[in-house]
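**Student:** Quick one: the structure is below, and I'll ask about it shortly.
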Amino acid sequence: MAGRLMKTKLLVLFVAVALRYATAADSTLSMTPPMGWNSWNHFACKVTADDVRAAADAIASNGMKAAGYVYVNIDDCWQGDRDEHGNIRPNTKFPDMKGLVDYIHSKGLKAGIYSTPGPKTCAKYEGSYGHEEQDAKQYADWGFDYLKYDWCSAEKVYKRSDMQAVYQKMHDALVRAGRPIVYSLCQYGYERVWRWGASVGGNLWRTTEDIDDHYDRMSVIGFDQDGLEPFAGPGHWNDPDMLEVGNGGMNHDEYVTHMSLWVLLAAPLLAGNDLSKMSQETLDILTNKEVVAVDQDAKGVQGRRVAQEGPLEVWAKPLADGSVAVGLFNRGESTNPISVKFADLGIRSTVHVRDLWQHKDLGAFNESYTVEVPKHGAVLVRIQ
């Protein structure tokens with residue numbers, strides 16, 4: 001009896017240590033913020049396997065893959081019924097999920113899937129409640145590399161105080177499934193998720209309610225991220241939601257603001273437009289290598305607000321090479337000059353300034369740099 005008890009205790013200890021190790025190891029899946037595409041913002045529940053293939057084709061051929069976009073993520077509305085053993089099956093819009101994932105992989109890309117800890121997804125499709133182990137194994141068997149796990153109807157079966165344990169449960173199931181899978185917690189910033197998301201295995205966690213394709217909504221979400229920078233870093237990222245660039249609800253300057261702010265925030269960059277039909281202007285915003293490099297900087301620091309005068313804001317993000325990325329944002333209703341004072345960045349010497357959107361060296365400056373910024377627009381510079 002004593003021997004069996006000792007063996008049981010050792011087994012429990014081994015599993016606990018293994019899970020702690022796995023949690024730490026998971027951070028290597030996202031040493032920089034994930035980049036890719038998600039189906040929801042444009043396609044929502046109309047998404048089909050053909051739409052996902054078209055997105056993979058576009059990423060592989062239009063320069064997005066070279067810029068760092070690698071995840072092709074299916075959001076809600078792919079689920080069908082469960083079979084007699086409780087295994088989840090895709091619906092008729094996704095007749096061959098394994099084949100679709102293999103196709104994405106054949107392009108040198110990675111595949112993402114979506115579920116909820118509740119009985120039903122936000123769109124009322126089958127959730128993972130009571131089937132966490134089965135679903136994690138199924139995602140691994142299909143070959144998925146990323147899971148977005150959306151709170152949705154979990155509110156009907158759990159209390160918010162259960163949230164950490166609920167998200168830990170799926171993380172542990174993913175570990176046991178044996179495939180490295182980036183774990184995205186989507187629960188809208190409830191319960192200060194930024195304080196505990198990493199401890200339950202999250203690689204990224206939503207800090208806000210849903211974004212939409214309007215300047216007012218995007219700007220409120222983005223600029224409200226100030227103060228969350230202590231909780232982000234390599235392997236674990238604050239997620240202010242997916243990109244709306246190219247969906248048509250904002251103008252060029254507003255999309256430049258959107259992208260500039262997200263890269264300063266070290267936010268995941270998940271395009272949400274129809275990649276098969278986007279304009280060159282949209283592609284240029286998404287793939288500007290100097291801008292994307294700010295997001296993907298190896299230091300992994302989330303930027304913060306360093307100055308504000310009414311609707312005019314200056315944000316800064318220190319980079320691995322010792323330089324600083326600075327965004328000058330005009331949230332006002334007319335063109336305004338905005339200045340960054342180098343003392344606000346802890347710099348008291350002559351600096352060199354480069355405009356990252358224009359790929360242009362602007363020269364040497366002392367004490368400050370000033371630029372005219374259009375209504376709802378942004379200028380993104382690198383100061384060295």
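Taken together, the values in this text are just the output of simple stated rules run on the coordinates, not laboratory data. Predicted, not measured: the structure shown is a model, and the values here were computed from it. Neighbour counts are summed over all protein chains in view; Cβ atoms, including those assigned to glycine, are modelled from backbone coordinates with ideal geometry.
**Student:** With label points built 7 Å along Cα→Cβ from the Cα atoms of D162 and R179, find their separation and express it in nm.
**Tutor:** 2.8
**Student:** Another question about this same structure. From Cα coordinates alone, what are the radius of gyration and Dmax values for region 71-207 in angstrom?
**Tutor:** For region 71-207, the Cα radius of gyration and maximum Cα-Cα distance read 14.1, 42 Å.
**Student:** Residues of region 211-241 with the amide nitrogen closer than 17 Å to a label point 7 Å from the Cα of D344, along Cα-to-Cβ, please.
**Tutor:** In region 211-241, the label zone of D344 (backbone N under 17 Å from the point 7 Å along Cα→Cβ) covers 223-227.
**Student:** As I understand it, the value is the acute angle between the Cα axis of helix 132-142 and the longest principal axis of the Cα atoms of the chain; what does it come to in degrees, rounded to 10?
**Tutor:** Here the helix axis deviates by roughly 70 degrees.
**Student:** While we're looking at this one, here's another question. Can you tell me the Rg and the Dmax, both Å, for the Cα atoms in region 304-383?
**Tutor:** 11.8, 36
**Student:** Where both partners of a DSSP beta bridge lie in the chain, what percent of those bridges are antiparallel, to the nearest 5?
**Tutor:** For the chain, the DSSP antiparallel bridge percentage is about 60.
**Student:** Could you tell me how many degrees, from 0 to 90 and to the nearest 10, lie between the Cα long axis of helix 49-61 and the main elongation axis, the longest principal axis, of the Cα atoms of the chain?
**Tutor:** That works out to roughly 40 degrees.
**Student:** Greater than 27 Å separation of Cα atoms is the criterion. Which listed pairs, K98/K299; K65/K299; K289/K317; K110/K277; K46/K98, meet it?
**Tutor:** In this structure, K98/K299 exceed 27 Å between Cα atoms.
**Student:** Considering the dipole of region 82-190 built from charges on the beta carbon (Lys and Arg +1, Asp and Glu -1) around the Cα centre, which of A154, W142, G130 is farthest to its positive end?
**Tutor:** Result: A154, furthest along the dipole toward the positive end.
**Student:** Name the residue from I285, H105, W40 whose Cα lies farthest towards the positive end of the charge dipole of the chain, charges +1 on Cβ of Lys and Arg and -1 on Cβ of Asp and Glu.
**Tutor:** Farthest along the dipole direction, towards plus: H105.
**Student:** Taking the chain as the reference, fit the longest principal axis to its C-alpha atoms, fit the long axis of helix 163-177 to the helix C-alpha atoms, and give the angle between the two in degrees, 0 to 90, nearest 10.
**Tutor:** 70
**Student:** Pick from T116, T207, T287: which is most flexible by mean-square fluctuation in a GNM of the chain where alpha carbon atoms under 10 Å apart are linked?
**Tutor:** Of the options given, T287 has the highest mean-square fluctuation.
**Student:** In addition: Can you work out the FRET efficiency for the pair T92 and H359, with r the C-beta to C-beta distance and R0 = 45 Å, to the nearest 0.05?
**Tutor:** So the FRET efficiency works out to roughly 0.45.
**Student:** Can you list residues from other chains, or at least 5 along the same chain, whose modelled amide H is less than 5 Å from the amide H of N73?
**Tutor:** W37, N38, S39, G112
**Student:** Taking the Cα centroid of region 253-321 and of region 212-232, what is the distance between the two, rounded to the nearest whole Å?
**Tutor:** 12
**Student:** Over the chain, what is the relative contact order in whole percent, taking alpha-carbon pairs under 8 Å and six or more residues apart?
**Tutor:** Worked out over the chain, it gives 14 percent.
**Student:** Read phi for every residue in region 257-265 and hand back ³J(HN,Hα) as whole Hz from Karplus 6.51 cos²θ - 1.76 cosθ + 1.60, θ = phi - 60°, with x for Gly and Pro.
**Tutor:** 4, 3, 5, 4, 5, 5, 6, 5, 7
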